[in-house]
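Reading through the C-alpha cells given below for one structure.
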Amino acid sequence: MLSYIGRRVAQIIPLLVGLSLIIFIVIQLPPGDYVTMYIQRLEAAGGKVSEYEIANLRRLYNLDRPFYQQYFIWIRNIVLKGDFGRSLQWERPVSELIGERLLLTMVVSICTLIFTYTVSIIIGIYSATHQYTAGDYFFSFLAFIGISVPGFLLALVIMYLVFVNTGVAVTGLFSEQFVRAPWSWPKVVDGLKHIWLPIVVIGLSGTASLTRTMRGLLLDELQQAYVITARAKGVAETKLLFKYPVRLAINPMISTLGWLLPTIVSGESLVAIVLNMPTTGPLLLQSLLAQDMFLAGGFLLMTSTLTVIGTLLSDILLAWLDPRIRFGGVSEH
Amino acid sequence: MVNREPIPDQEIGGPAAPAPNGATPPEEEVKAIYFASQWKLIWWKFRKHRLAIIAGPILIVLYLSALFADFISPTLPATRFTDYKGAPPQPIRFYSAETGLRGPFIYEIKRETDPKTFRRYYVADQSVRYPVSLFVRGEPYKLLGLFPTDIHLFGGEGPLLLLGSDVLGRDLFTRILYGSRISLSVGLVGVALTFALGMLLGGISGYLGGLVDTLIQRLIDLLVCMPTAPLWMALAAALPRNWPTLRMYIGIVIITSVIGWGGLARVVRGKLLSVRELDFCMAARLAGASDLHIIARHLLPSMSSYIIVSLTLSIPRTILGETSLSFLGLGLQAPVVSWGVLLRDAQDLAAIGLHPWLLLPALWIVVTVLMYNFLGDGLRDAADPYK
C-alpha cells in the first residue's frame, strides 16, 4: 500500500509542474504586464511616473528578466514562502485574499461531493432494482434534465422562483449580519442554513450522470451468475443486493471522482458568481476582468492543485478499497 | 463512461425484432438483418431510441429557425420600440368580448407607474386592437444574406412582442432567434476543431507510440484534471476586448475546443491500439497494404461510430462554453447577439424580479443541450449494433 501511495505521489509532481507552467503562461497572455497596469492606475489617478521609476518597478517585480526566470521566481516564492505576490486591485498580498475563500470553496465542493455520491448511489440502486418501472423512467428523465441544465442557469431560475414566492434573496453564503462578522459558532450554523442551495445546484449535473452510471453498473452486476446462484439458494433479496452487487458496483463509482471533482470545482466557480458567494469564483472573475494577474494566478493554481490532490486521494481510497488495483492486477476500468 | 445497459437479445434493433404491436415480421425481413450493412444496423438500433428520434427533428427546426431568423422574426434585433421598454410577453388573441371570435390580433398596451413603488408596469388597452397577419412587409433585410426583401413571416402594427422586450425596448423573440445563429453555430464550428485536434493528436499518439505518446497522454491527463470553467475564464480574459466580432467568435471557439479535445483523442488512441492488433489488419498488412491505406480503409471506418458519438456529445459542451463565457462578460460583447449575451441582462435578482421573461433565452439553451444529449445517447446505444 505504501509503495502504491509513493508511486502515485511521485506521478503527480510532474503533473503539478505542468499545471503551474500552463497557469503561468495563461496569466501572462494578456497584453501588458503588472507594471503597465500599475502605471495606468497611477496615471488615471493623476499621478506621473518617470522612466526611471518604471525601470525600478520592473526590476522590483523581476519583469526585466526572461520568461523562464520569472516563472521560477514566482513558483519558488509560492513553494518556499507561500508568497503568491501582491494583488494590484486590493493592494494586499494574494495569500491573504485567497485563504478564506479557498477554504469555503473546499467546504462547498466537499459537501457537494458527499451529496452527489449519497443521492446518486441511492437513486441508482432504486433505478436498477426497479428497472423499466415508472420510478425508473422518472429518474432517468430527471437525470437527462440534470445533465442538460447548466448549474449557473439553474441557480438563476431557483433564485428567481424563491424570490417571487417568498421575497427572500438567496444569494451569498451567510445572512447579512454575519457577512463581515468574524468566525463564530452562530456564523457556521448560519452558513449551513444557506449552503443547501449551492450544493444542490452544483451537484445536480454530477448527480444526474452518476445515477446513470450507478444504475448501469448495478444492472451489469445483477446479471452475474453468482447473483442467480445466491437467489436460487434462497438468500433474502435485501441481503443479496447489499452483500456483493452494490459493493462491487460502488467501487468503479469511486474512480469517477477523477472527473467529478474538476467538474464540481468548475461548476462551483460559475454558480458562485451567480449566487454571489464568498468563494473563489466571483473574486477570480473580478481579478480576470481587472487583469489582476497575480491574484488570478493564485486562484487558478490553488484550485487546480487542490483538485489534483483530491483526485490523488480518491485513487488512494480506491486502492485501499480494492486490493486488485494496489497490486496492479487489473488496469483501471 | 460505462453506463450502457446490456440489451436482451430480442431487443437488438432491426426488422427481426418483434414489432410493438406483437405481429411477427415477415420472413424476408428476418433475412434482411443478415445482409444489412453496418450503417443500416446502426439506424435500426437508433430508431428504437424514442427520445433520440424526437431530438433530430427538433434540432433541425432550431437550426432552420437560426438560418431563416430574419424571415421568421417580426423585426430586427437592434430595432427599439421606445414606447414599450421592458414590456411583458404579448399573447396573440383570437377572441374578444366585443367582436367575438376573429382573426389574430393584439391589444395596445399602456405603461403605468405604481404611485407607491414607482415600479412601471403595462396594462392592456382593450379598445385598441392591432391585427396580426402572415407575410407582411416590414423592415428590409437580406434573406440568407443574398436576396434583399422586406417580407416577414408574421407581423403587424403595435407591440407585437411575443416574448416581451428588454429594458431598451428590443423584441426578445427576434433577439433569441438571431442569437441562435451564433450560439448554435459555435457548437458546429467548435466540433470541427475538436474533431481535427482530437483525431490528429489521438492518431499521432496511438500510431507513433513511445515518447510522443507519453507526452500527449500526460498533456491530456493535465487537461482532464483541471477545472474547466476557471481556465476558460482565464483564457477568455486574455482575449483583447476590442477585437472585432468574428475574431472574438473564433477565439471563444478555440478556447472551448483546446480544452475539450482530450476525450476524443483518448478514444481515438484507444481504438487505434486495440483495432491495430485485430486479424483483419494483420490480413491487410500481409496482403501488402500500406499504413495509410490501412488507416483510411480499415482503422477509421471501424471507429467512425465512436467518433460520431463523442462529437455529438461535445457540441452541447461548446455551446454551454460560449454561453457561460458571454454570460460572464468574458465572451462576445453587447452589440452582438448570442444567448449568453442575452442572458447577461438577466444576471441579477433586480433584473429578473422586474422582467422575468429575460430568462427565456435559457429555455432555448436547455432545449438545445437536452436534444443533443438525447441524440448522443441514442447514437451511443446504436454505435455498436452487434451488441
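The values are calculated or read from the model by the stated rules, or taken from the named source; none is laboratory data. What you are looking at is a predicted structure, and each value in this text was computed from that prediction instead of being measured. Neighbour counts are summed over all protein chains in view; Cβ atoms, including those assigned to glycine, are modelled from backbone coordinates with ideal geometry. Quick note on the areas: whole protein, heavy atoms, side chains included, nothing else; ligands and nucleic acids left out. Shrake-Rupley method; radii C 1.70, N 1.55, O 1.52, S 1.80 Å.
Among the trypsin sites (Lys or Arg not before Pro) found in the range B:234-335, those both in a DSSP coil and sparsely packed, with 13 or fewer other Cβ atoms within 10 Å of their Cβ, are B:R241. Note on chain A: with a GNM built from Cα contacts shorter than 10 Å, the maximum mean-square fluctuation among A:S87, A:S50, A:S20 falls on A:S50. For the residues of A:265-274, the average number of beta carbons from a partner chain within 10 Å of their own beta carbon is 5. Sorting B:F105, B:F147, A:F163 by solvent-accessible area of protein heavy atoms yields B:F147, A:F163, B:F105, largest first, with a 1.4 Å probe.
A DSSP coil position with no more than 16 other Cβ atoms inside 10 Å describes the following trypsin sites (Lys or Arg not before Pro) in the range A:122-230: A:R180. Here the range B:175-383 is treated as an ellipsoid with the same Cα gyration tensor; its semi-axes, largest first and in whole Å, are 39, 18, 13.
Among B:S274, B:S305, B:S257, which one shows the biggest mean-square fluctuation in a GNM of chain B, springs joining Cα atoms closer than 10 Å? Looking only at B:S274, B:S305, B:S257, the biggest GNM fluctuation is shown by B:S274. Residues A:T238, A:T129, B:T79, ordered by accessible area of protein heavy atoms at a 1.4 angstrom probe radius and largest first, appear as A:T238, A:T129, B:T79. With helices as the sole contributors, chain A gives -25000 deg cm²/dmol at 222 nm; each DSSP H run of n ≥ 4 counts as -39500 (n - 2.57), and the sum is divided by every residue. Of B:K85, B:K110, the residue with the largest accessible area leads and the full order is B:K110, B:K85 (1.4 Å probe).
Take the Cα pairs of the range A:1-87, get the Kirkwood Rh, then feed it into Stokes-Einstein at 20 °C and 1.002 mPa s and tell me D in µm²/s. Roughly 139 µm²/s, to the nearest whole number. For chain B, the longest principal axis of the alpha carbon atoms and the long axis of helix B:300-328 meet at an angle near 30°.
Just A:N251, A:N165, A:N62 to compare: in a GNM of chain A, with alpha carbon springs under 10 Å, which one fluctuates most? It is A:N165. Inverting the pair-averaged 1/r between distinct Cα atoms of the range A:100-292 gives 18.5 Å as its Kirkwood hydrodynamic radius. Couplings 3J(HN,Hα) for the range A:68-73, derived from phi with the Karplus relation 6.51 cos²θ - 1.76 cosθ + 1.60 (θ = phi - 60°), are 5, 5, 4, 4, 5, 5 Hz, where x marks Gly and Pro. The mean of 1/r over all distinct Cα pairs in the protein assembly as shown, once inverted, gives the Kirkwood hydrodynamic radius of 28.9 Å. The phi-based Karplus calculation (6.51 cos²θ - 1.76 cosθ + 1.60; θ = phi - 60°) puts the 3J(HN,Hα) values of the range B:104-116 at x, 8, 10, 8, 5, 10, 10, 7, 10, 10, 5, x, 8 Hz, whole numbers, x for Gly and Pro. As a test, work out the antiparallel percent of DSSP beta bridges whose residues both lie in the protein assembly as shown, rounded to the nearest 5. Rounded to the nearest five, the antiparallel share is 100 percent. Near B:L143, the amide H atoms lying under 5 Å from its own belong to B:T149; only residues 5 or more places off or on other chains count, and H is placed 1.01 Å from N. Partner shielding of B:108-115 amounts to 0, given as the average count of beta-carbon atoms from other chains within 10 Å of each residue beta-carbon. Axis of helix A:94-129 versus longest Cα principal axis of chain A: the two differ by about 20°, to the nearest ten degrees.
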